[in-house]
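A quick write-up on the structure given underneath.
The values are calculated or read from the model by the stated rules, or taken from the named source; none is laboratory data. Because the structure is a prediction, the values reported are computed rather than measured. Virtual Cβ from ideal backbone geometry, glycine too; neighbours counted across all protein chains shown.
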Amino acid sequence: MLIKKGISYKQLSSKKILGIDIIAVDFSVTSKDKIRVILVYRPPNIASSFTYKLLKYLQSLCENNVILVGDFNFSANNINWDDNTAFTKCGKEFLEFINNFKFSNIITSPTHNKGSILDLLLTNNPTSICFSQICAGLSTSDHFAILFTLNLAKPKPQKIYYRDYSNLNLLNTYLISHFNQIYEKFYISDKYDYLITLVSNLMEKYTPLRTATLKPKSIYYPLHIRKLIKHKKKLFKEFKNSNFGLDEYIKVSKTIKHLINSYKSQKIKSIVSNTNRIYKYMKNISQKYSPIPCLENNNIFIFDDKTKCNLFASVFARSFSNLPTFDPPELTPCKFMHALDDIEFNLLDIDNILKNLPNNNCCAEDGISYTLLKACHSSITPFLSDIFRLSLDTGILPQPWKVSYITPVFKKGDKNNPENYRPISITSTICRVLERIILNSLLIHLEENNIISQNQFGFLKKRSTTTQLIFTFSHWYKAVLESKNIDCAYIDLKHAFDSVPVRFLLYKLFNIGIRGKLLNWISSFLTDRTAKDPYWDPSYF
């Protein structure tokens, strides 16, 4: 079952009964307006006992506003759909089920090229379907397609916002000419507000915000295939009206299938022959983040986006609620040659970081993206240097640096369970540049004083899970050759990063020699932080 983006849904079940396939899904635009669609495939000539099990299971799913659709394979030998009479035990049980749950069959014409009604469209609420039609079959199938429209509000087209960077050189020129005015400001909040206001005004003038509507991607076929598809539809209409021309219809269907397979094969060959085209193709077909479907909380389905945001906020907040009230455990004093209490950097250090930023348009509360910083690296570096120096000297951070935009990203399991999502924080890009400078200095301090354990392989250059496995296997092989026992303990800490107590972390930083201005800045950075959902913030683009 394929579901279009923008339609909220909740999958209730997916069941198999010895060849019988059942999928039940609730569709809705609002929590009050819900339609349950049950898709069924029942093989022909199946034992009556399994048909009975199918009906018992369908009874548990049927309620108000249900649509039952699929290939039931009740031929004319089982049921005559003209007068609703049954000739077999299975047929009688199925008609009894339909009558008990007040279903009506929308399909009155054959759905098979032999003239039988095998595919059904049943509903106990005729207003839930506003249009239905028998169409030409998919590919070379001997069944015809059933096209019907649910009586649901049409999902709004998704819009995206992007910046037009065609006049970026003008923004750079104007930005450089206004640098000296930042020295007229003495407080970091004033300096930062001046920079953000200046850049925002210039962005509105030289890199205006554009809007684009995302449309569903249509499948493109060459002209000769499109003509044949059109001819197939024409043959279907003629066959439906006169009951003649079936052989020609089947022949054209097979030809179309062969031509489409050949076209796709040639297209794939042309893609795999070029590395750049492979990368572009994989990027187009892969989707990083899917829309959030209907969520379930205490057996209540949530379709409203604002309610979803509040639910995610309460779930994610649990990671930070169990903060310890006791003092951190005493650590063994760490030996180091000298403490790290301040960081020195110059314009070149900042400029090199900006030039190597990824082309990413995500931004936080201040509205500055990596793309803009990278494009304006030479003109914006002096501004950032002045702000960074003052922030480190005073231990004060601009308020936007302490605001995170939280995006829920699905991990695994049931997509309707909010517990199966992890929060991704989008923070100020400018602050992340300063974080990179601080990180580089911290790593140098840790390496010079041999503070990092040789057994750590994460978050370090030239080390990874691969090098860890090589290191581990080497010890295992040695132990095996020496006939020694090997004990392995695998530990996974739940929400490990989010649940680190700030007091404990600051105590450990002090213990390894992080002192003075730098420790004050990190303490300020980690405390009094707030989080927002970008969906409800109109400044997020």
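Does the range 191-211 hold any residues that are part of a helix (DSSP H, G or I) and surrounded by 13 or more Cβ atoms within 10 Å (Cβ to Cβ), and which are they?
Keep residues of the range 191-211 that are part of a helix (DSSP H, G or I), which gives 191-206.
Scanning the range 191-211 gives K191, Y192, D193, Y194, L195, I196, L198, V199, S200, L202, M203, Y206.
For L175, state whether it is in the same structural domain as T381 (by TED's automatic domain parsing) and in contact with a Leu (Cβ under 7 Å, 6 or more places away or on another chain). Can you show your working first?
Numbers: in the same structural domain as T381 (by TED's automatic domain parsing): yes; in contact with a Leu (Cβ under 7 Å, 6 or more places away or on another chain): yes.
It is true that L175 is in the same structural domain as T381 (by TED's automatic domain parsing) and in contact with a Leu (Cβ under 7 Å, 6 or more places away or on another chain).
Contact list please: Cβ distance under 6 Å, first residue in the range 78-96 and on the phi > 0 side of the Ramachandran plot and assigned by TED's automatic domain parsing to the domain that holds Q59, second residue of a type in the set (A, V, I, L, M) and modelled with pLDDT under 90, pairs at least six apart or on different chains.
none
Got a sec? Which of T213, T275 is closer than 30 Å to Y161 by Cβ and either of a type outside the set (D, E) or not assigned by TED's automatic domain parsing to the domain that holds S166 (or both)?
Details: T275 fails: closer than 30 Å to Y161 by Cβ.
Testing whether each residue is closer than 30 Å to Y161 by Cβ and either of a type outside the set (D, E) or not assigned by TED's automatic domain parsing to the domain that holds S166 (or both) leaves just T213.
What are the pairs with Cβ atoms under 7 angstrom where one residue, in the range 122-149, is closer than 23 Å to L58 by Cα and the other, located anywhere, is charged (D, E, K, R) and not in a strand (DSSP E or B)? Sequence gap at least six, or different chains.
That search, which allows pairs on different chains as well, returns N124/K102.
So, of the residues in the range 422-478 that are basic (K, R), part of a helix (DSSP H, G or I) and closer than 30 Å to L372 by Cβ, which turns out to be nearest to the chain's Cα centre (by Cα)?
Filtering the range 422-478 for residues basic (K, R) gives 422, 432, 436, 461-463, 478.
In the following step, the residues that additionally are part of a helix (DSSP H, G or I) were identified as 432, 436, 478.
Within this subset, residues satisfying the condition of being closer than 30 Å to L372 by Cβ are 432, 436.
Details: R432: 24, R436: 27 Å.
Across the range 422-478, the extreme among qualifying residues is R432.
Please go through the range 156-175 and pick out each residue that is assigned to a helix (DSSP H, G or I) and surrounded by 14 or more Cβ atoms within 10 Å (Cβ to Cβ). Outline the logic, then answer.
Our first condition is that a residue be assigned to a helix (DSSP H, G or I); within the range 156-175, this holds for 168-175.
Matches in the range 156-175: L168, L171, N172, Y174, L175.
How many residues does the range 212-258 contain that are over 22 Å from H143 (Cα atoms) and touching a Pro at 6+ places or on another chain (Cβ under 9 Å)?
Of the residues in that region, 3 qualify.
How about the range 68-117: which of its residues are out of contact with any His (no Cβ under 7 Å at 6 or more places or on another chain) and in a strand (DSSP E or B)?
Taking the range 68-117 and keeping what is out of contact with any His (no Cβ under 7 Å at 6 or more places or on another chain), we get 68-70, 72-110, 113-117.
Correct list: L68, V69, G70, I79, N80, T85, A86, S104, N105.
Could you list all residues from the range 432-441 that are hydrophobic (A, V, I, L, M, F, W, C) and either modelled with pLDDT under 95 or surrounded by fewer than 17 Cβ atoms within 10 Å (Cβ to Cβ) (or both)? Even if it seems obvious, please write down each step before you answer.
From the range 432-441, those hydrophobic (A, V, I, L, M, F, W, C) are 433-434, 437-439; that's our starting set.
Hit for the range 432-441 is L439, nothing else.
Hey, can you tell me all the residues within the range 429-456 that are without any contact (Cβ under 8 Å) to a residue 40 or more places away in the chain and under 15 Å from D341 (Cα atoms)?
L439, N440, L443, I444
Do you know which of the residues in the range 454-472 that are among the aromatic types (F, W, Y) and farther than 17 Å from N440 by Cβ is surrounded by the most Cβ atoms within 10 Å (Cβ to Cβ)? Quick ask: steps written out before the conclusion?
Pass one, the range 454-472, residues among the aromatic types (F, W, Y): 457, 459, 471.
When the remaining residues are screened for being farther than 17 Å from N440 by Cβ, the result is 457, 471.
Details: F457: 18, F471: 14.
Checked the range 454-472; the qualifying residue surrounded by the most Cβ atoms within 10 Å (Cβ to Cβ) is F457.
Restricting attention to the range 295-323, report how many residues are of a type outside the set (A, V, I, L, M, F, W, C), modelled with pLDDT under 80 and either touching a helix residue (DSSP H, G or I) at 6+ places or on another chain (Cβ under 8 Å) or under 24 Å from S28 (Cα atoms) (or both). Full working, then the answer.
The first filter runs over the range 295-323 and keeps only residues of a type outside the set (A, V, I, L, M, F, W, C), leaving 296-299, 304-308, 310, 314, 318-319, 321-322.
Narrowing the set further to residues that are modelled with pLDDT under 80 leaves 299, 304-305, 318-319, 321-322.
Next, from what is left, pick out any that are either touching a helix residue (DSSP H, G or I) at 6+ places or on another chain (Cβ under 8 Å) or under 24 Å from S28 (Cα atoms) (or both): 299, 304-305.
Selection size over the range 295-323: 3.
How many of the residues making up the range 141-161 are over 19 Å from L2 (Cβ atoms) and β-branched (V, I, T)?
1
Just name the residue that is farthest from D119 (Cα to Cα) out of those in the range 129-148 that are surrounded by 12 or more Cβ atoms within 10 Å (Cβ to Cβ) and among the hydroxyl-bearing types (S, T, Y).
My answer is T140.
Looking only at the range 107-128, count how many residues are surrounded by 13 or more Cβ atoms within 10 Å (Cβ to Cβ) and within 37 Å of the chain's Cα centre (by Cα). Give the steps one after another, and end with the answer.
The first filter runs over the range 107-128 and keeps only residues surrounded by 13 or more Cβ atoms within 10 Å (Cβ to Cβ), leaving 107, 110-113, 116-125, 128.
When the remaining residues are screened for being within 37 Å of the chain's Cα centre (by Cα), the result is 119-125, 128.
Of the residues in that region, 8 qualify.
Test of understanding: among T466, T429, which residue is in contact with a Cys (Cβ under 7 Å, 6 or more places away or on another chain) and at pLDDT 90 or above? It would help to see each step written out before you state the result.
Values: T466 fails: in contact with a Cys (Cβ under 7 Å, 6 or more places away or on another chain).
Every option except T429 fails the conditions.
Kindly provide the set of residues from the range 118-155 that are of a type in the set (S, T, N, Q), more than 23 Å from K234 (Cα to Cα) and not in a strand (DSSP E or B), ordered by number. Spell out how you get there, then give the answer.
Filtering the range 118-155 for residues of a type in the set (S, T, N, Q) gives 123-125, 127-128, 132-133, 139-141, 149, 151.
Among the residues that remain, those that are also more than 23 Å from K234 (Cα to Cα) are: 123-125, 127-128, 151.
Selection gives N124, N125, T127, S128, N151.
Determine, yes or no, whether F312 is within 26 Å of I188 (Cβ to Cβ) and of a type in the set (F, W, Y).
Here the answer is no, as F312 does not meet what is asked.
Report yes if some residue within the range 316-329 is of a type in the set (D, E) and within 24 Å of K415 (Cβ to Cβ); otherwise report no. Step through it out loud before you land on a result.
From the range 316-329, those of a type in the set (D, E) are 327; that's our starting set.
Subsequent filtering for residues that are within 24 Å of K415 (Cβ to Cβ) retains none.
No: the range 316-329 contains no residue that is of a type in the set (D, E) and within 24 Å of K415 (Cβ to Cβ).
Quickly run through the range 487-505 and pick out the residues that are without any contact (Cβ under 8 Å) to a residue 24 or more places away in the chain and surrounded by 10 or more Cβ atoms within 10 Å (Cβ to Cβ).
Residues of the range 487-505 without any contact (Cβ under 8 Å) to a residue 24 or more places away in the chain: 487-494, 496-497, 500, 505.
Across the range 487-505, the qualifying residues are A496, V500, L505.
Within the set of pairs 6 or more residues apart or between chains, which connect a residue that is over 17 Å from I438 (Cα atoms) and assigned by TED's automatic domain parsing to the domain that holds L519 inside the range 375-399 to a residue that is polar (S, T, N, Q) and buried (at least 21 other Cβ atoms within 10 Å of the Cβ) with Cβ atoms less than 7 Å apart?
Sorted first by the residue in the range 375-399, then by its partner, the list stays empty.
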